[in-house]
Each structure stands twice: as C-alpha cells, then as structure tokens.
Amino acid sequence: MNVISEEAKIGKNVKFGNFVTVGAGVSIGDGSIIESYSYIGYSNGRERSELTIGKRAHVRSHTIIYQGSTIGDDLVTGHHAIIRENSQIGDAFQAGTGTVVMGELTIGSYVKTGSNVEIGQGSIVGSFVWIFLNSTLINDRRPPSSEIAGPIVEDYAVIGAHAVVYPGVRVGADSLVGSGCFLSQDLPPEQIAVGNPSKNIGPTSKIKYEEDGQKKNVYPWRFRFHKGYPKELVDTWLEEADKVKILDI
Amino acid sequence: MNVISEEAKIGKNVKFGNFVTVGAGVSIGDGSIIESYSYIGYSNGRERSELTIGKRAHVRSHTIIYQGSTIGDDLVTGHHAIIRENSQIGDAFQAGTGTVVMGELTIGSYVKTGSNVEIGQGSIVGSFVWIFLNSTLINDRRPPSSEIAGPIVEDYAVIGAHAVVYPGVRVGADSLVGSGCFLSQDLPPEQIAVGNPSKNIGPTSKIKYEEDGQKKNVYPWRFRFHKGYPKELVDTWLEEADKVKILDI
Amino acid sequence: MNVISEEAKIGKNVKFGNFVTVGAGVSIGDGSIIESYSYIGYSNGRERSELTIGKRAHVRSHTIIYQGSTIGDDLVTGHHAIIRENSQIGDAFQAGTGTVVMGELTIGSYVKTGSNVEIGQGSIVGSFVWIFLNSTLINDRRPPSSEIAGPIVEDYAVIGAHAVVYPGVRVGADSLVGSGCFLSQDLPPEQIAVGNPSKNIGPTSKIKYEEDGQKKNVYPWRFRFHKGYPKELVDTWLEEADKVKILDI
C-alpha cells in the first residue's frame, strides 16, 4: 500500500512502512527504514537537483523530505519532521519530532535537534551542534522582506530550549546559548549568552559539576558526554581532553 | 487510493495526492491541489455549516481542515497545518507548517503565518497581517475558564517570532510586536512593543534601513516589500507611499 | 484500507478512520475512535510492555502512540499528538494538537495540555494539571547529558503558555506558573511564579475577578470552573469550597 516511483533508486535492504510515498529522483541508501505516512521526494518546484539520502537512514512516520537535498549517512528523523529543498546535510543528522529544516542551508555532521526546532533558510550550522526543543534560527532582519541572513552556528555549540538566534548572528564554537535566550549579537567561542535581549555572561568554564567529589567543567561537553558517538571519534575527544588538562597545570 | 465523499463538490482541474480524505459537505474551488495524507472536511460535531474552500487552493501534505469554515481563494497551507471549525477566512491566507487555526474566528485577506503559529478561538485578524513562527494569539484571561476573549490584530500589523498576544489585546494597524514579546496591553497603530512584560517603545518610524546611501523607513512595510502581492494592490501601496512622502516635506 | 494487526485486542464498538495502522500487542478499550492516519502501537524497541488504552478513547487523526504505555479511560488526543513508550497515564488525559509525551514518565488523571506541549522523560505530573500551549517540561541539567531529572508537577497546578519548567523543579499543588515563565526553582503550593529567570511573586489568592459585583478568587480554579468534569467530582470540589469559605470567616 505504498506509492513508490519506479524511477526512485532504492538501496539494498531498505524497509518501508505503510502508506509511504516516494517520488521520482530520489536515492535512498542501503539499510534505510522509511516509516509509514512519510513523503520522500516532495517537490515544490524550487529544487535544484534530486534528493540523495545516505545509508542506514531511519525516517520516522509522517516525515516529509523535499527534492533537491543531499543528506549523509545515518539520518534520523522524528515523527512529523520536515527537511526542505536544496539542503546540504552531513552524516548522522538527527532532526527531532516536528523539526522544520527550511531548506537552502548547510548543516554539518552529528547535529541533533529537539522537537519543533526550526532552522531558517540561509543558516550555516557546523558539526556536533545541539539545538534543543522549540528553538529557532531566524533569518529576516526587516520582516517582512526577502533579504535572507541566516545565522551561523559553529562546531560543538549548544543552543538551549526555547531560544532564538537572530538573523546573521554567529554562535561561536563550544559556546552555550541559554534556554529562552534571544541571541541578537555574535557570541564568541566558549562563551555563555542568556536573556532577552541577550547578554554575554562569561566563559563556559564557569559552569561546573561535581563528580567523585571533584569539581569538573561541564563544557566542552565532548570531554564528558559520549553517548551515541562512534568510538574513534570519542577517542580523539579524550585525547584532546588529556592535552587540555596538561596545559591547565 | 483516496477516500473522497461522493457528496463533496469538487471544482474543475482539482488535483489530489495519495491517501487523501475528503468528507461530505465540502466544496473545493477550481484549480486546487489537495496533497497527500490531508483530511479535508473533518468533523468534530461543532461545525455550524459546510466547508467552502475557494479557487486555486494549495493544501500541502498532512493538512487538516474542519467542516464549518469559509475560506477564500488562493489558500496555501504548510504541511501539518490545521484549520478548525467555523472560521471565516479571506483570500490568499498562507498558514505556515504546523500552524493551528483554532476555529470560531475571523481572518482577513493576505494574512501569512510562519511555522507553528496558533491563532486562538475568538481572534479577529485583519488583512495583510504577518505572524512569524511560534507566535500565538491566546484567549483565556483566567485559565482555565470558558470565557473567551480573542485578541484583535489590525491590518498590516507584524508580529515577530515567539511572541504571545494576550486575551482581548488589540494590536494596532501597521504596528510591530517584537520577537519574544508578551503583549499584555493594547498597542496603538504604528507603535512598537517589545519584552516580557511588554513595553511600548515608540513609533515604527524609528526603525530605518539604508538603501542607495539613504536612510529609509522599514515600516509601513507595504511601501517597500511587495513580493507575492498582486500588481494592482502594489500600485495602490506605491501611490499611498508617494502621498505620504509629499506630506513629509 | 487500514493495517490492523490480527494480534491487537480491539474492544467493542471501536471505530477506525482511513489509513490507520495498529500494531501487535495493542489493546484498545470499548467505544474508542481511532482516526485516520494514526499509528497505534509504534515500536522503537525500547518498550517494556504492550500498549493498553482504556475505554472511549478519542484519538484524532495523525496521532502516534508507542508500545509500552498504559493509558486510562477517556483519552483524547489532538491531531499530530505523540505519546511515547513506557508512560503511565491516568484517566481522561487530553493531549493537545502536536503535543509530545516523551515517554518514561507518569501522568495522573484529568490532565490537559494545549498545542505543542512537550513533557520530558522522567516527569511526574499529578492529576487535574493544566499545561497551556507551547510549554515544556525539560529534564537535562547539563545539556547534552544522559542524566535525566524530570520536573514534578503537583495536582491542580496551572502552567501558562510558552513556559518552561526546568529539570527536577517541583511545581506545587494549586500553583500558577505564568505564561513565558522559565521556572528554575521549586514553586510552593498556591504560589505564583513569573518571568525569566523566574520569580515567586506571592500567593494565588492575590488574583481576583469580579462576579455579581463581588471580588472572588480565581484560584483554586476548581472552585469556579467545572466544564468537562464529572458531576460527582465537581460536587466534592463545591463541598471543599464551602468549607474553605467557612474557615475564611
């Protein structure tokens, strides 16, 4: 009971749910799962190419992915997620439930979003970025207009829940945008911003937690949190952490 | 593979996707597109009439439209949008992805919303209004209650992202509600409100941009932004702009 | 045109829409309605049991309910709602449109949410709780991490629109979290919190309304608002209200 175009290129061992639609010009990598009520290869007439999805994608039910995008391996989408046209997305992207990737943008590898995140057109998101639920990257400096200035989010940045990153604003590497923050100016690497309007309140090294009776830095998070990342990657993070500790002495 | 009631009145050249449901008592205008997984003419038993959708509607996939509403020509819905019962909606309404029009309300013509906007019951929204993503019009002064006081939004008003307009509050014509603003009191025409709790910070004429080395007013936006509006309408806006400039001298 | 597992236990007089999926290991109580495009008994491999839904459930279109949860009688879901695995949910739960119940949590009876609410894993929500639209209960103290600290929301609490309750924070019985509040510390019973960061601004008894020329308390709301609750329950609330008035003298 699926409607799958004969022109779609379906890899080996790809599984489909029920009531799935796959358009022409779609390529789905080996070992992928496309769940029920999903529409893969949707066209709004603005796509500049076909849609390529890498290996082992797990597309949850009621997801919509447009033509014109290139998505790496190990994609995961939550239910009701939308990925629009002409997006360049790396490996292991995880789009939360109801997340809207507006298209015409670039996302690196290992980026994860919570539910109902929106990433506006023109955004440039690095790798290993976390964007928590209900946060949005907006791009219109003088609404309404057609001049698009997407935010830039550098590697390892963390954007808390219910935050807004303003048009053209740069979120530095390893920085932290607090929940509820409306980030209206650039945030340097390893700094914290909070509030509406946003205020830079200093380095992420201020944020500590206790483990085994010792105070430790919460950030950079990659030195302490590894769940879901491949071992080779975690090993490089641990090496990096060791070097930093030596420098600290 | 669609379930379309034989009692529905379908115009000429209407196209359907796959797995579409259309109930009885639905009238869809000529040249419309109803995409896959949409449910048109949903009934919750509270509708006071049938559902009429004008010409050239473009209903994106996974949309739900209830019985009891009258919607003008050139409707566009984003995926997962919902328009509930007993809504009076003008021409060229564009409901963003996941937007929820709660029903029992009035919306003028050429109103556009971003993603995940909610317009509460009892709201009165004028024409040419923009409501950006994640913003909501709420209506319950003493939650929980059944006393509904919908906000009123006048023509050409712009409501930024992640804003909330409080029950019974009036948003004046040509005004600007900043992103993240919780508007708890009436905003006069051509004024700006920001913050939570909201503060009126003066006339929209304060907001300028540079073009060709000249400072120009961003608002009223209709004097500078015309994309997607019909030429005849834009011509009247340009005439109006000319008159205002003459008065300025 | 439905895909219903033969191993599912379907009660008497259960009605199905079109394009419905029901997995194995699902039990649906008598008199329930499962609308179109819904997926009941979705599995992500993490469920610890089967899915049991009580009597008279009304599951609106495009809803997804995972295996592993136990849900009482009189469930109502809005369109696009999601209830994930291993949730213990009482009677008469009403999940608004697009609400995401993240699973691994406990919800009492007669809990109602607005649209696009998210209740994080590990949350403990009492009975008769209201959570208005776009509000979320989050659970990660040091994002990203895997240490989950769900908020606790006690009976009769009201959480306004666009609010965030922080990890591990307790919302006291009969309290009020204002709209837009980011609640970062425990709120005692019958108190009001507002703002970001949140501030306790005193007892709910400060909030009055006029009826028949008399000033009355808005809260506890159960003394004045009864729509949708069973008569026996309302009677106990009225008795309680009478006693409180006597004590007041």
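The values are calculated or read from the model by the stated rules, or taken from the named source; none is laboratory data. Because the structure is a prediction, the values reported are computed rather than measured. Virtual Cβ from ideal backbone geometry, glycine too; neighbours counted across all protein chains shown.
Considering only residues that are surrounded by fewer than 22 Cβ atoms within 10 Å (Cβ to Cβ) and within 13 Å of another protein chain (Cβ to nearest Cβ), which ones fall in segment B:175-185? Working first, answer last.
Taking segment B:175-185 first, the residues surrounded by fewer than 22 Cβ atoms within 10 Å (Cβ to Cβ) are B:184-185.
Answer for segment B:175-185, where residues must be surrounded by fewer than 22 Cβ atoms within 10 Å (Cβ to Cβ) and within 13 Å of another protein chain (Cβ to nearest Cβ): just B:184.
If you take the residues in segment B:90-123 that are part of a loop (DSSP other than H, G, I, E, B) and among the aliphatic types (A, V, I, L, M), which one is nearest to the other protein chains (Cβ to nearest Cβ)? Spell out how you get there, then give the answer.
Of segment B:90-123, the ones part of a loop (DSSP other than H, G, I, E, B) are B:90-93, B:96-99, B:102-104, B:108-111, B:114-117, B:120-123.
Subset that is among the aliphatic types (A, V, I, L, M): B:92, B:102, B:111, B:117.
Details: B:92: 14, B:102: 8, B:111: 12, B:117: 10 Å.
Across segment B:90-123, the extreme among qualifying residues is B:102.
Is it true that some residue in segment C:25-41 is modelled with pLDDT of 95 or more, farther than 22 Å from residue C:91 by Cβ, surrounded by fewer than 16 Cβ atoms within 10 Å (Cβ to Cβ) and not acidic (Asp, Glu)? Walk me through it before giving the result.
So the first thing to find is which residues in segment C:25-41 are modelled with pLDDT of 95 or more, and the list is C:26-41.
Now restrict to residues that are farther than 22 Å from residue C:91 by Cβ: C:36-37, C:39.
Restricting the remaining residues to those that are surrounded by fewer than 16 Cβ atoms within 10 Å (Cβ to Cβ) gives none.
No, segment C:25-41 contains no residue that is modelled with pLDDT of 95 or more, farther than 22 Å from residue C:91 by Cβ, surrounded by fewer than 16 Cβ atoms within 10 Å (Cβ to Cβ) and not acidic (Asp, Glu).
Could you look through segment A:124-143, keep only residues that are β-branched (Val, Ile, Thr) and within 11 Å of chain B (Cβ to nearest Cβ), and pick out the one that is surrounded by the fewest Cβ atoms within 10 Å (Cβ to Cβ)? Steps first, answer last, please.
Here is the first cut: in segment A:124-143, the ones β-branched (Val, Ile, Thr) are A:124-125, A:129, A:131, A:136, A:138.
Filter again for within 11 Å of chain B (Cβ to nearest Cβ), leaving A:136, A:138.
Details: A:136: 28, A:138: 31.
Only one residue tops the list, namely A:136.
Go through (1) crowded, with 20+ Cβ neighbours inside 10 Å; (2) of a type in the set (A, V, I, L, M); (3) in a strand (DSSP E or B) for residue A:161 and report which single condition fails.
Going through (1) crowded, with 20+ Cβ neighbours inside 10 Å; (2) of a type in the set (A, V, I, L, M); (3) in a strand (DSSP E or B) one by one, residue A:161 breaks only (3).
How many of the residues in segment A:76-109 are hydroxyl-bearing (Ser, Thr, Tyr) and in contact with a Pro (Cβ under 9 Å, 6 or more places away or on another chain)?
Going through segment A:76-109, the residues hydroxyl-bearing (Ser, Thr, Tyr) turn out to be A:77, A:87, A:97, A:99, A:106, A:109.
Then drop every residue that is not in contact with a Pro (Cβ under 9 Å, 6 or more places away or on another chain), which leaves none.
Of the residues in segment A:76-109, 0 are hydroxyl-bearing (Ser, Thr, Tyr) and in contact with a Pro (Cβ under 9 Å, 6 or more places away or on another chain).
Let me spell it out: the conditions are (1) modelled with pLDDT of 95 or more; (2) part of a loop (DSSP other than H, G, I, E, B); (3) within 13 Å of another protein chain (Cβ to nearest Cβ), and residue C:146 meets all of them except one. Which number is the exception?
It fails just one condition, (1).
Which condition number does residue B:72 fail, the rest of (1) closer than 20 Å to residue C:162 by Cβ; (2) more than 10 Å from chain C (Cβ to nearest Cβ); (3) not charged (D, E, K, R) being met?
The one condition residue B:72 does not meet is (1).
Of a type in the set (D, E, K, R), surrounded by fewer than 13 Cβ atoms within 10 Å (Cβ to Cβ) and closer than 27 Å to residue B:94 by Cβ - does that describe any residue in segment B:202-217?
Checking segment B:202-217: at least one residue is of a type in the set (D, E, K, R), surrounded by fewer than 13 Cβ atoms within 10 Å (Cβ to Cβ) and closer than 27 Å to residue B:94 by Cβ.
Name every residue in segment C:194-220 that is among the small types (Gly, Ala, Ser) and over 16 Å from residue C:245 (Cα atoms), in order of residue number.
Initially, segment C:194-220 is screened for residues among the small types (Gly, Ala, Ser), giving C:195, C:198, C:202, C:205, C:213.
C:195, C:198, C:202, C:213 - these are the residues of segment C:194-220 that are among the small types (Gly, Ala, Ser) and over 16 Å from residue C:245 (Cα atoms).
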